[in-house]
Amino acid sequence: MRYDLAIIGSGGAAFAAAIAASGKGAAVVMVERDQVGGTCVNVGCVPSKALLAAAEARHVAAAQAFPGIRTSAGPLDPAELIAGKDGLVDQLRTEKYTDLAADYGWEIVRGAARFTEDTALDVELAEGGTRRIEAGRYLIATGSAPWAAQIEGLEQAGYLTSTTAMDLQQLPASLLVVGGGYVALEQAQLFARLGTEVTILVRSKLASAEEPEAGHALAGVFADEGIRVVRRATASSVRTDEVSGDVVVDASVSGGNEEFRAARLLMATGRRPVTEDLNLCMVGVETGDRGEVLVDGSLRSTNPRIWAAGDVTGHPEFVYVAAAHGALMVENAFEGAGREVDYRHLPRVTFTSPALAAVGMTDKEANQAGIRCMCRVLPLKFIPRALVNRDTRGFIKIVADADTGRIVGITVVGKDAGDIAAAGIYILEAGMTVDQVANLWSPYLTMAEGIKIAAQSFTTDVSKLSCCAA
């Protein structure tokens with residue numbers, strides 16, 4: 001049988017494409033070499049956020065903010081916690097992926113695929129043997145995997161990744177985290193709140209791609225929770241202490257040399273697209289320096305019959321980007337729509353507590369784009385909901401065009417930051433100005449009201465506003 005679309009991978013991009021193509025009556029086949037569902041449901045969004053929520057519940061129980069209420073965290077059973085996470089992952093994998101494929105009627109072939117010289121797929125089947133798959137169009141949606149920087153002795157000493165760390169049956173007494181991005185931040189706080197002593201080694205600062213106020217705010221939160229953050233630290237070598245069994249990292253710190261020890265080491269230095277063993281050179285598909293499939297704006301590769309979507313393209317690594325890619329690829333490949341991806345108002349969320357979320361440009365990015373900026377940073381102590389929550393850690397920052405007043409970026413550190421950023425998407429998409437947002441209706445005692453108050457701060461001393469008069 002010759003298919004209309006053969007998809008390598010089974011994550012968000014793959015399923016979005018398969019659903020869209022099936023809806024057009026196309027014959028679809030999907031090849032998966034590992035677990036159906038890809039990164040998000042198996043080792044990314046779902047398991048990490050489930051464990052983060054559990055860690056936050058324990059943290060709140062151990063450090064109650066409200067007077068008159070006494071709670072305690074009690075003992076922790078790591079194995080039971082991981083089993084609960086695995087159960088949730090299994091449930092969602094079945095309901096949202098395996099069963100969904102059966103409902104739509106496309107076939108999932110278990111095995112490792114590689115391209116042949118005549119632009120077909122040879123699949124080494126999981127149950128043994130091989131199978132040839134031919135299709136009119138192909139989609140590479142193989143995602144990404146954790147990547148560790150090359151450091152002397154690292155492989156010999158051993159290390160955790162964001163995937164393997166979430167499967168530990170016992171918590172390490174201490175943990176070194178190398179990296180300062182969203183994975184490093186989330187995993188560091190997760191383990192610290194479960195009782196592990198955590199140290200972060202970061203080359204520049206936390207959340208360096210976002211507003212500087214964000215990294216500063218999270219550094220303060222981490223310090224309060226006992227997480228040590230070592231800035232301007234570059235690991236030079238790793239070894240295992242033969243006596244204690246600890247992992248020892250030698251690092252350059254602000255020009256000097258320091259030694260750091262912990263029971264385990266977590267490398268959170270990024271991810272890389274998964275393109276090895278696909279035989280892409282055989283079919284003229286070019287890849288970039290990090291192994292990403294090079295695509296044009298419509299997601300077509302350098303082979304006109306082969307497309308790519310999701311993390312494997314090297315584009316922003318979010319499951320909602322992957323899903324948008326998959327649907328867009330089908331429109332372009334089957335209908336010649338010629339649509340391109342628009343990332344201007346792409347939201348970004350780091351699920352620390354308080355969370356970090358942003359949409360649009362940072363102050364620096366706006367200036368680099370030639371926009372003369374005006375900015376305001378509103379501490380959460382001026383937001384009534386934050387006062388009621390007894391949690392004023394964080395801020396809302398608005399970046400606006402000084403010439404037009406149009407808002408071009410919003411960054412939040414605080415409770416419900418992701419939901420606030422979602423509201424920000426609509427503000428930016430509508431091209432609203434600071435003055436317009438300052439005069440909008442906003443429900444009182446919500447965190448989202450903070451956007452309105454932040455907009456008012458451009459012209460008003462918000463410290464002199466009545467708490468009910470925003």
Item checked: Mean Cβ neighbour count within 10 Å, used as a protection proxy, ranking 391-402, 419-430 highest first -> 391-402, 419-430
Next item on the list: Kindly rank 206-219, 8-21, 267-280, 67-80 from highest to lowest mean number of other beta carbons found within 10 Å of each residue.
Entry: 8-21, 206-219, 267-280, 67-80
Next item on the list: Quick one: net charge around residue 125, please, counting Lys, Arg +1 and Asp, Glu -1 for every other residue with C-beta under 14 Å from its C-beta.
Entry: -1
Checklist line | Placed amide H near residue 361: partners under 5 Å, 5+ positions off or other chain | finding: 409, 410
Margin query: Largest first and in whole Å, what are the equivalent-ellipsoid semi-axes of the chain based on the Cα gyration tensor, each being the root of 5 times an eigenvalue?
Written below: 39, 31, 22
Margin query: Can you tally the net charge around residue 37? Count Lys and Arg as +1, Asp and Glu as -1, for every other residue whose Cβ sits under 12 Å from the Cβ of residue 37.
Written below: -3
Check: Whole-Hz Karplus ³J(HN,Hα) for segment 67-81, in order, using 6.51 cos²θ - 1.76 cosθ + 1.60 and θ = phi - 60°, x for Gly and Pro?
Finding: x, x, 10, 10, 9, 9, 7, x, x, 10, 10, x, 5, 5, 4
Check: Amide H of residue 302: which non-local residues (sequence gap of 5 or more, or other chain) have their own amide H closer than 5 Å, using H built in the peptide plane?
Finding: 286
Note to self: 5 Å is the cut-off here: which amide hydrogens, built 1.01 Å from N in the peptide plane, fall below it relative to residue 246, excluding neighbours closer than 5 in sequence?
What the structure shows: 241
Note to self: Going by average Cβ density within 10 Å per residue, which order do the peptides 361-367, 130-136 take, highest to lowest?
What the structure shows: 361-367, 130-136
Note to self: In whole percent, and with a 1.4 Å probe on the protein chains, what portion of the accessible area of the chain is carbon and sulfur?
What the structure shows: 49
Checklist line | Positive-end extreme of charge dipole, the chain - chosen from 209, 50, 162 (charges on Cβ) | finding: 209
Item checked: Sum of -39500 (n - 2.57) over DSSP H runs of 4+, divided by residues of the chain (222 nm, nearest 500) -> -9000 deg cm²/dmol
Notebook entry, point to check: Across segment 336-353, in residue order, what do the Karplus-derived ³J(HN,Hα) couplings come to in whole Hz, using 6.51 cos²θ - 1.76 cosθ + 1.60 with θ = phi - 60° and x for Gly and Pro?
Noted result: x, 5, x, 6, 10, 7, 10, 9, 4, 10, 6, x, 9, 10, 10, 8, 6, 9
Next item on the list: For segment 302-319, take each phi angle, set θ = phi - 60°, evaluate the Karplus expression 6.51 cos²θ - 1.76 cosθ + 1.60, and give the result in whole Hz per residue in order, putting x for glycine and proline.
Entry: 6, 9, x, 9, 10, 10, 9, 8, x, 4, 5, 7, x, 6, x, 8, 10, 5
Checklist line | Net +/- balance of residues flanking residue 431 in space, Cβ distance below 12 Å, scoring K and R +1, D and E -1 | finding: 0
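The values are calculated or read from the model by the stated rules, or taken from the named source; none is laboratory data. Since we're looking at a predicted model, the values are computed, not measured. Cβ: placed from backbone, ideal geometry, glycine included. Neighbour counts: every protein chain shown. Note: areas computed on protein heavy atoms with side chains; ligands, DNA, RNA excluded. Shrake-Rupley method; radii C 1.70, N 1.55, O 1.52, S 1.80 Å.
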